[in-house]
1. Using 0.36 nm times the number of residues separating Glu208 and Lys146, minus their current alpha carbon distance, what extension gain do you get?
2. In nm, to one decimal, how far is the Lys80 label point from the Lys63 one, both placed 7 Å along Cα→Cβ?
3. If R0 is 35 Å, what FRET efficiency do you get for Ser73 and Glu161 from their C-beta distance, rounded to 0.05?
4. Let me know the shape class of the stretch 105-168, please: from the alpha-carbon gyration tensor, a ≥ b ≥ c as square roots of the eigenvalues, rounded when a/c is under 1.5, otherwise prolate if a/b is greater than b/c, or oblate.
5. Let me know the shape class of the stretch 156-212, please: from the alpha-carbon gyration tensor, a ≥ b ≥ c as square roots of the eigenvalues, rounded when a/c is under 1.5, otherwise prolate if a/b is greater than b/c, or oblate.
6. So what is the diffusion coefficient of the stretch 92-218 in µm² per second by Stokes-Einstein at 4 °C and 1.567 mPa s, using a Kirkwood Rh over Cα pairs?
7. Between Ser194 and Ser94, what length in nm is gained on full extension when 0.36 nm per residue of separation is reduced by their alpha carbon distance?
8. Let me know the shape class of the stretch 133-176, please: from the alpha-carbon gyration tensor, a ≥ b ≥ c as square roots of the eigenvalues, rounded when a/c is under 1.5, otherwise prolate if a/b is greater than b/c, or oblate.
Amino acid sequence: MSQLKKKKPPLGRKKTRSKLFGNKKKKVFGVSIKELLIRDKTRRIPICITQMNDHVLKGLTEKNIFIKNVGKSEINQIIKDYNRSGSVSWKQYSTHTAATMIKQFLKDLPKPILSEHKHSFFENLSNDDVKDQLLVFKNGVDNFNKEEWHVLDVLFHLFNEVAKNKEFNGVSNNNLAKAVGPHLFHSYDDIDRSDAIEVTKIFIVQYEYLFTDGDLVLDGEGDQSDETPPEDTELYAITTFFYL
């Protein structure tokens, strides 16, 4: 008996999401950090984070880093490239593209990277003793699992460096916290939006104290005003979570 021939798919059938973004085994975006590191046991953080972080660090003086987004087609192409080969050459891409993809990676994580720790941080925002408040934050950071710690160490170092270059790029601690906060927590459904931004800002300003055992940044030293924010900051702060 002759074998039955497989039916050919009808002409014009649209590509499935799995064909567009890669199969589950090779998927990079939308996969937990732990799973990505299991695939490559030689790394402490996923290679995509390393590549995107390094690319942004080369362009710290670019205006509106993490504020300005790139188009959806470019985002989808990079996701496709990572899912196909696991790595991307960033020479052809802008600083803004790398910054946008960092936010996209955080947004696509199955669980938001700060979700399990958020309540201990939020509860201490009302603490008037700044040193006591930050000690609670530091204890929380010390209790991150190793996968979270290494990724957050790299990312908040990057955010801290971006804010330090406000004179050139126009991005303050507060504007940066508005831009990246939604992607660290994913949703403001059960938390106050202003609290989430404040927690993110504390992590940015106090990066060295929280992650490297450096000195505390005292009042005024890391408080950058928003008197001249990037022109699209307010629009971005409202739409960023829904756009990416």
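1. Details: separation 62, 0.36 × 62 = 22.32 nm, distance 1.77 nm.
Difference between extended and current length: 20.5 nm.
2. Taking the two extended label points, one gets 3.1 nm.
3. Working: r = 29 Å, r/R0 = 0.83.
After rounding, the FRET efficiency stands at 0.75.
4. Details: a/c = 1.87, a/b = 1.10, b/c = 1.70.
Oblate, because a/c is 1.5 or more while a/b does not exceed b/c.
5. Values: a/c = 2.48, a/b = 1.51, b/c = 1.64.
Oblate, because a/c is 1.5 or more while a/b does not exceed b/c.
6. Details: Rh = 15.0 Å.
D = 86 µm²/s.
7. Details: separation 100, 0.36 × 100 = 36.00 nm, distance 3.03 nm.
Extra length from Ser194 to Ser94 when fully extended: 33.0 nm.
8. Numbers: a/c = 4.00, a/b = 1.91, b/c = 2.09.
Verdict is oblate for the stretch 133-176.
The values are calculated or read from the model by the stated rules, or taken from the named source; none is laboratory data. Quantities reported herein were computed from a predicted structural model and do not represent experimental measurements. Glycine also receives a Cβ, built like all others from the backbone with ideal geometry; neighbour counts cover every protein chain displayed. These area figures cover heavy atoms from the full protein model, side chains too; ligands, DNA and RNA do not enter into them. Shrake-Rupley method; radii C 1.70, N 1.55, O 1.52, S 1.80 Å.
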